[in-house]
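The values are calculated or read from the model by the stated rules, or taken from the named source; none is laboratory data. Keep in mind that what you see is a predicted model, and the values were worked out from it rather than measured. No Cβ is skipped: glycine too gets one built from the backbone with ideal geometry, and neighbour counts run over all protein chains shown.
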Amino acid sequence: MNLHEYQGKEILASHGVRIQRGIVARNAKEAVDAAKQLTEETGTGWHVIKAQVHAGGRGKGGGVKLAKNLAEVEQIAEQIIGMNLITPQTSAQGKKVHQVLVAEDVYYPGDSETSEFYMSVLLNRASGRNMIMYSTEGGMDIEQVAEDTPHLIFTEEIDPTIGLLPFQARKVAFNLGLSGTAFKEMVKFVMSLYKAYVSSDSSLFEINPVLKTSDDKIMAVDAKVTLDDNALYRHKDYVEMRDVREENPIEVEAKEVGLNYVDLEGNVGCMVNGAGLAMATMDLIKMAGGEPANFLDVGGTADAKRVETAFRIILKDPDVKAILVNIFGGIVRCDRVAQGIVDAYKNMGDAINVPIIVRLQGTNAELAKELIDTSGLAVHSAVQFQEAADKVKEVLA
């Protein structure tokens, strides 16, 4: 589950991480009121207005701007709220901005003593350990830094049975070229950041940039946070942070009915039971010359109602030109799945307007094939993986 910047900063602050302070506003008037409040609390006269969407590169799309007075705060907030923000991480249509973060300006005019760093905490799947990735090149596209100057990317792996040790935090500060008060502040920042990551059961904490001010304070100016959905039962307060407006509406609908669905950019819809089989099916489609349009795991129960729901969700994607159903009958009997497909097809009528290939293997697979073949419906049955692949190629031709 992705969070907005202001939500990520709330988690950081609750674990002792210094942040760039800000207040969320949903219209221009709230933005002006927020700016006034920040001026009273921090003394800042300038404010940064930041679009709150689940995407990076907001500044490049015009979603982050500096306001030097209240009139500019109101003007910029009116421009950003309601706009479709297009960034390198959004679709061509962009994302609609529903709210902005009015933040204190932490960059002093003419100050050359500030420094920007990059820092993230994530899981290194290759080693099975958490990892701090950091660089002296903050405020930039870290992907570009990794490509052009990989020697400026540092990593520090953490043994999960021990946790982050003080000497590792000191190593981070040293590699960033800090000394004196800034060094001590960075050590504290790193320790608190890792604590926030572990305590919130996150899969990613990315701070770009981490700022060293001219008076040697270390703070998070931005925050990109992804929480582990599987751990949300331990964080009821975090569940309320979900903003479904930022998520794919088809994925939201699928989640509500208990289907594991991920939208992809392809032309062949997939309906499979089991994540491993789903991945293999996507490979099968690719090898047959198609592109998977989705990942959809219907789970262990594939009755008529569930199959019908899955069909309807897949067909919401206008790019789908065919559907491949690939079910292994272990927990569920293949003949019941076949009957579910037949019933769903009849219930949906003309709503199904693309070819359907069905491969059922496992318990009662032969009976299931017979049900499909004698149904009189425009459904192609297959037994072997290769046979299913050939039929996918055939219907796409």
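Of note:
- Selection from the stretch 32-53 of residues that are over 14 Å from ASP222 (Cα atoms), at pLDDT 95 or above and among the small types (Gly, Ala, Ser): ALA34, ALA35
- Check on GLY177, in a loop (DSSP other than H, G, I, E, B) and within 21 Å of LEU12 (Cβ to Cβ): no
- Residues that are out of contact with any strand residue (DSSP E or B) (no Cβ under 8 Å at 6 or more places or on another chain) and surrounded by 20 or more Cβ atoms within 10 Å (Cβ to Cβ) within the stretch 323-334 comprise just one, VAL332.
- When the stretch 326-364 is filtered for residues that are of a type outside the set (Phe, Trp, Tyr) and within 20 Å of LEU284 (Cα to Cα), the ones remaining, listed by number, are ASN326, ILE327, GLY329, VAL354, PRO355, ILE356, ILE357, VAL358, ARG359, LEU360, GLN361, GLY362.
- Within the span defined as the stretch 70-79, every residue fails to be in a loop (DSSP other than H, G, I, E, B) and crowded, with 16+ Cβ neighbours inside 10 Å.
- Residue pairs whose Cβ atoms lie under 7 Å apart, separated by 6 or more positions or on different chains, with the first residue in the stretch 234-246 and without any contact (Cβ under 8 Å) to a residue 40 or more places away in the chain and the second surrounded by 11 or more Cβ atoms within 10 Å (Cβ to Cβ) and in a loop (DSSP other than H, G, I, E, B), are ARG234/ASP201; HIS235/SER200; HIS235/ASP201.
- Hey, ALA368 touching a helix residue (DSSP H, G or I) at 6+ places or on another chain (Cβ under 7 Å) and either of a type in the set (A, V, I, L, M) or surrounded by fewer than 16 Cβ atoms within 10 Å (Cβ to Cβ) (or both) or not: yes
- Which numbered condition LYS29 misses (of (1) modelled with pLDDT of 95 or more; (2) under 30 Å from MET191 (Cα atoms); (3) assigned to a helix (DSSP H, G or I)): (2)
- Once the stretch 80-96 is narrowed to residues that are in a loop (DSSP other than H, G, I, E, B) and in contact with a strand residue (DSSP E or B) (Cβ under 9 Å, 6 or more places away or on another chain), the residue that is surrounded by the most Cβ atoms within 10 Å (Cβ to Cβ) is ILE81.
- Being under 22 Å from GLN384 (Cβ atoms) and buried (at least 23 other Cβ atoms within 10 Å of the Cβ) is a condition met by no residue of the stretch 308-322.
- Within the stretch 207-228, the residues that satisfy the criterion of being in contact (Cβ under 8 Å) with a residue 12 or more places away in the chain and out of contact with any strand residue (DSSP E or B) (no Cβ under 9 Å at 6 or more places or on another chain) are SER214, ASP216.
- Selection from the stretch 45-64 of residues that are assigned to a loop (DSSP other than H, G, I, E, B) and crowded, with 16+ Cβ neighbours inside 10 Å: TRP46, GLN52, VAL53, HIS54, ALA55, GLY56, ARG58, GLY63
Residues checked against (1) surrounded by 14 or more Cβ atoms within 10 Å (Cβ to Cβ); (2) outside any strand (DSSP E or B):
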residue	(1), (2)
HIS98	yes, yes
ALA103	yes, no
TYR107	yes, yes
GLU113	no, yes
ASN130	yes, no
GLY138	yes, yes
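- Entry remark, the stretch 148-166: residues being of a type outside the set (A, V, I, L, M), over 21 Å from ARG129 (Cα atoms) and surrounded by 10 or more Cβ atoms within 10 Å (Cβ to Cβ) number 2 in total.
- Close pairs from the stretch 276-291: first more than 16 Å from ILE356 (Cα to Cα) and among the basic types (Lys, Arg), partner modelled with pLDDT of 90 or more and surrounded by 13 or more Cβ atoms within 10 Å (Cβ to Cβ), Cβ under 8 Å, at least 6 apart: LYS286/PRO292
This table checks each residue for (1) in contact with a strand residue (DSSP E or B) (Cβ under 7 Å, 6 or more places away or on another chain); (2) more than 15 Å from ALA220 (Cα to Cα); (3) not assigned by TED's automatic domain parsing to the domain that holds ALA223.
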{"residue": "TYR6", "(1), (2), (3)": "yes, no, no"}
{"residue": "GLU10", "(1), (2), (3)": "no, no, no"}
{"residue": "ALA25", "(1), (2), (3)": "yes, yes, yes"}
{"residue": "GLU30", "(1), (2), (3)": "no, yes, yes"}
{"residue": "ALA55", "(1), (2), (3)": "yes, yes, yes"}
{"residue": "GLY63", "(1), (2), (3)": "yes, yes, yes"}
